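J.: For reference, the structure I am asking about is given below.
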Amino acid sequence: MATVRYLPSATTLSDGRVLIAGGQDDSLQPLDSAELYDAKTDTFSATGTMTAARAAHTATRLSDG
């Protein structure tokens with residue numbers, strides 16, 4: 001991961017990638033950033049930010065992806 005994260009959510013997307021969102025940094029500050037992990041290429045890439053920073057939350061993939 002590009003960003004160290006403690007207590008993020010991790011949600012498997014319909015295409016097999018994993019969305020890793022939020023969490024806390026080394027200073028225990030909540031994060032609003034997110035990354036995608038692609039197991040096929042074993043790479044992480046930055047993606048959009050959330051409207052609010054959060055940690056120790058849950059995330060659920062919706063039926064429409």
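J.: Give me the percent of accessible area attributable to carbon and sulfur for the chain, probe 1.4 angstrom. Could the numbers behind the result be given before it?
T.: Details: 2260 of 4360 Å².
Carbon-and-sulfur percentage of accessible area, whole number: 52.
J.: Then there is this: Can you give me the distance in nm between label points at S63 and Q29, each placed 7 Å from the Cα along the Cα-to-Cβ direction?
T.: 4.1 nm
J.: Another question, then. Kindly identify the chain as rounded, prolate or oblate by the Cα gyration tensor criterion: order the square roots of the eigenvalues as a ≥ b ≥ c, call it rounded if a/c is under 1.5, otherwise compare a/b with b/c, prolate if a/b is larger, else oblate. Before the final figure, lay out each step's value.
T.: Details: a/c = 2.17, a/b = 1.36, b/c = 1.59.
Cα axes put the chain in the oblate bin.
J.: Could I have the simple spin-label model distance between A52 and Y6, label points 7 Å from Cα toward Cβ, reported in nm to one decimal?
T.: 2.2 nm
J.: Please sort 51-62, 9-20 by packing, taking for each peptide the average over its residues of neighbouring beta carbons within 10 angstrom, highest first.
T.: Most protected by this proxy first, the peptides run 9-20, 51-62.
The values are calculated or read from the model by the stated rules, or taken from the named source; none is laboratory data. Note that this is a predicted model, so its numbers are computed, not measured. Every residue, glycine as well, gets a Cβ built from its backbone with ideal geometry; the counts of neighbours run over all protein chains shown. Side chains are part of the model used for accessible areas, which takes the heavy atoms of the whole protein and leaves out ligands, DNA and RNA. Shrake-Rupley method; radii C 1.70, N 1.55, O 1.52, S 1.80 Å.
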